[in-house]
Amino acid sequence: MKFRTSLRYRVAFAFAFLGTLVSLVIAGGLYVLMLDMEQRLIAETLSTELEDYMARFALDPDASPPTSTAMHTFVISTAADEDQARLMQLQAGLQQVLFQNKNYFAEAREQAGQHFIVLYEDLRSRQREQRFRVYLIAGVLVMIGLSAVLGFWLAGRVISPVVELARRVSELKPKVRLIPLAADFPEDEVGELARDFDDYQQRLSEFIERERAFTSDVSHELRTPLTVIKGAAEVLLADGQMDLARRARVERIARAVAEASELSSALLLLARERKDQLTSSVCEVGEILSQILQSHRYLLEHKPVDVRFEIRGQPQLLVECSLLRVVLANLVRNAFSYIEQGYVQVTLESIYVEIKDTGVGISHASLERVFEPYYSAQPGGKGIGLSLVRRICQRYDWDIKIDSREGQGTCIRLYFS
């Protein structure tokens, strides 16, 4: 599950939502309680007033009834009009009635053939209810605001250990010395997460160290047999009695040894932790590219392919020349290997080199994976070259772009800056 907001805002929203829900429940309960209490109070008041008046009326029929601007009392023996007839039909108990186009709370009693009715106008009651609703709404809004503000502040305090852990983790670099995290956090869920990060950091550091040691050891160990094979190939090539077929085989061996030597040197250099640990020298890109084109022409033997090399700029790079040679050699080798006819256009500009061919091309699905280790877009490929090219480009902050259409060809641009 993905969240678009930060943890702090989510916690603050949850707190504000809870505060809103609680305030709404309390406000609703208070409103219902207020209505019930008001009706009970009106019922008790009217009942008391009516019983008191009935007692006084029994002693003195001329006793004055309880009357005010909101209260009216009637003693009806015979209905004189429709309104009085409606009042005579009222049952005992608190009820509401429409009398003379006004709403009233009414309490009715019958004694000695006479109907005693007391009315209380509900206008003031409705006004009190309206004011109370306004107060409740204002209270709910204030509670929502306070919940949001307090929730945001509390969320910051609650997740501060998580924020600190995230900051510390973002500053970790597995290629430098380990910095333990768990010691600075309490023994809670955040502390457990910090300990998990420490364990992961330890495993990652050990893995990187093993990988670097393996790459370095393999590169060193390969140098001796490669040197022996290279020397043997040179001795054989110096033999003037060798026929052309055998010389072609020995030359192929010599090229393979040279490529393996460059690859082992590149792996050894890439095994170093930081870019500033690499040795650098001024490399003439045009000169290296010309040598690579010449040394790989054997891949185009018996193929009607035209190689065009155009120099429009003379870039000089302060890099490790063997790594630059590996990158350019892999790009040229791919262009020469997967073309049967047409042309290979190599253009050198001041900030980039472009290699364009009319070869088999790369499918759209494979184009997205060509830089993955051990993936090859073409049958029989090893899938190592472009992965190594990307690692070298990342080391020097170079940018490489590939545009290809299956069956039409490929265009690769390597930007040096």
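The values are calculated or read from the model by the stated rules, or taken from the named source; none is laboratory data. The structure presented is a predicted model; accordingly, all values stated were derived computationally and were not measured. Cβ sites come from the backbone with ideal geometry, for glycine too, and all protein chains shown count toward neighbours.
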Quiz item: In this structure, does V326 turn out to be hydrophobic (A, V, I, L, M, F, W, C) and under 20 Å from I392 (Cα atoms)?
Solution: yes
**Prompt:** Can we say A166 is of a type in the set (A, V, I, L, M), closer than 30 Å to S6 by Cα and either modelled with pLDDT under 80 or out of contact with any Lys or Arg (no Cβ under 6 Å at 6 or more places or on another chain) (or both)?
**Reply:** yes
The residue from T78, T73 that alone is in the same structural domain as R40 (by TED's automatic domain parsing) and assigned to a strand (DSSP E or B) is T73
Before we move on, is M143 hydrophobic (A, V, I, L, M, F, W, C), touching a helix residue (DSSP H, G or I) at 6+ places or on another chain (Cβ under 6 Å) and assigned to a helix (DSSP H, G or I)? yes
Of the residues in the range 298-327, those that are in a strand (DSSP E or B) and within 27 Å of V250 (Cβ to Cβ) number 2
Filtering the range 21-75 for residues that are exposed (fewer than 15 other Cβ atoms within 10 Å of the Cβ), farther than 24 Å from R133 by Cα and of a type outside the set (D, E, K, R) leaves a count of 11
Flagged pairs (Cβ under 8 angstrom, 6 or more apart or on separate chains; first in the range 338-351, assigned by TED's automatic domain parsing to the domain that holds L299 and at positive phi; second of a type in the set (G, A, S) and surrounded by 15 or more Cβ atoms within 10 Å (Cβ to Cβ)) are G342/G359; G342/G409
message: Residue under question is V190, and the condition is that it be modelled with pLDDT of 80 or more and surrounded by 16 or more Cβ atoms within 10 Å (Cβ to Cβ); does it hold?
response: no
D196 passes all but one of the listed conditions (1) modelled with pLDDT under 80; (2) closer than 30 Å to V163 by Cβ; (3) out of contact with any Leu (no Cβ under 8 Å at 6 or more places or on another chain); (4) not basic (K, R); the exception is number (1)
